[in-house]
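Everything below concerns the one structure shown next.
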Amino acid sequence: MSKGERVAIIDCQLAGVSGDMIVGALLDLGANLTKVVEAMNSVKGYMKGCKNLEIIIKDVTRRGLHAKKVDVKAEEAFEITGAELIDATVNCIENLKLSGEAKRFASDSINTLVNAEAKVHGKSINKVHLHEAGFVDTPAEIVGAAVALDD
C-alpha cells in the first residue's frame with residue numbers, strides 16, 4: 001500500500017449492511033456530501049420511469065452511536081429488469097468524472113448484484129424479478145458509494 005492510501009474494512013457478518021449504510025458511513029468518514037448527493041441525484045436521468053428522486057441525509061443517534069442516515073426517496077412508474085439496471089448504472093458512471101477504480105467498483109457492484117439475483121432465481125438478467133433491488137435506490141447508492149470512495 002502506498003503512502004497516504006487508506007483501507008476501509010466492512011464487516012457485515014453479524015447484521016448485514018446496505019447501500020445506504022455504506023454511503024452514510026463514508027460520508028461520516030469525510031466524503032464530500034455535495035459531490036455524493038449530486039452524483040446520486042444524477043441517476044434519475046438514466047432510470048426509465050423515475051419521475052422524482054430525493055436524497056435526504058440526516059445525523060442520527062442509534063444505541064448511543066452517531067451516524068449519517070441516507071434516505072433515497074423516489075417516485076417510480078415501474079420496476080426495471082436486471083439488464084436495464086446495469087445499463088442505467090454504467091451509463092450514469094460513464095458520464096461522471098470518476099477515477100477508473102471508482103467506475104470499476106460501481107460496475108462490478110451492480111453486475112455482481114444483478115447476476116447473483118438472476119442465479120438464485122434461475123433466470124437471465126433480462127427476465128429476473130429484482131424485488132427491492134430493481135428500483136432507483138440501488139444504482140443511486142452504488143454511485144454514491146463509488147463517488148464517496150473516490151473522494
| said: Can you find, among LEU130, MET47, VAL70, the residue sitting farthest towards the positive end of the charge dipole of the chain, where Lys and Arg contribute +1 and Asp and Glu -1 at Cβ? | reply: VAL70
| task | Assign unit charges at the C-beta atoms only (+1 for Lys and Arg, -1 for Asp and Glu), then state the dipole size of the chain relative to its Cα centre in Debye, rounded to the nearest 20. | result | 140 debye
| task | At most 16 other Cβ atoms within 10 Å and a DSSP loop assignment: could you name the GluC sites (Glu not before Pro) in segment 67-110 that fit? | result | GLU79
| note | Checked segment 1-48 with the C-alpha gyration tensor, a ≥ b ≥ c its square-rooted eigenvalues, rounded below a/c of 1.5, otherwise prolate if a/b is larger than b/c and oblate if not; verdict oblate
| task | Would you mind pulling out the separation of the Cα centroids of segment 92-151 and segment 5-39, in Å? | result | 15 Å
| field | Percent carbon-and-sulfur accessible area, the chain, ignoring ligands, DNA and RNA, probe 1.4 Å | value | 51 percent
| field | Relative contact order %, the chain, counting alpha carbon pairs below 8 Å whose residues are six or more apart | value | 31 percent
| said: Less than 13 Å apart at the alpha-carbon level, and either on another chain or at least 8 residues along: which aspartates and glutamates does that give for LYS127? | reply: GLU79, GLU84, GLU117
| note | Per-residue ellipticity at 222 nm attributable to helices in the chain (runs of n ≥ 4 DSSP H, -39500 (n - 2.57) apiece, nearest 500 deg cm²/dmol) works out to -14500 deg cm²/dmol
| remark: The extension gain from VAL60 to LYS123, computed as 0.36 nm times the residue separation minus the Cα-Cα distance, is 18.7 nm
| Could you work out Rg/(2.2 N^0.38 Å) for segment 91-151, with Rg from alpha carbons only? | 1.18
| query | Helix by helix, which DSSP H runs in the chain go 24 Å or more along their axis at the Cα atoms and have an average Kyte-Doolittle hydropathy of -0.5 or more? | reply | 100-121
| Once you sort the root eigenvalues of the Cα gyration tensor of segment 43-84 as a ≥ b ≥ c, which label holds: rounded (a/c under 1.5), prolate (a/b larger than b/c) or oblate (the other case)? | prolate
| query | Please state the Cα pair-distance histogram of segment 17-113 with 5 angstrom bins from zero: what percent is in each bin? | reply | 2, 12, 20, 24, 22, 12, 6, 2, 0
| query | Per residue, what accessible area does segment 1-126 have, given a 1.4 Å probe and all protein chains present, in Å²? | reply | 66 Å²
| Which of GLY134, GLY100, GLY19 moves most in a GNM of the chain, Cα contacts under 10 Å? | GLY100
| message | Let's test the formula: R0 of 30 Å, r as the Cβ-Cβ distance of GLU5 and ASN95. What FRET efficiency results, to the nearest 0.05? | response | 0.65
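The values are calculated or read from the model by the stated rules, or taken from the named source; none is laboratory data. Everything numeric in this text was worked out from a predicted model, so none of it was measured. No Cβ is skipped: glycine too gets one built from the backbone with ideal geometry, and neighbour counts run over all protein chains shown. Each accessible area value is taken on the protein alone, full model and side chains, heavy atoms only, with ligands, DNA and RNA left out. Shrake-Rupley method; radii C 1.70, N 1.55, O 1.52, S 1.80 Å.
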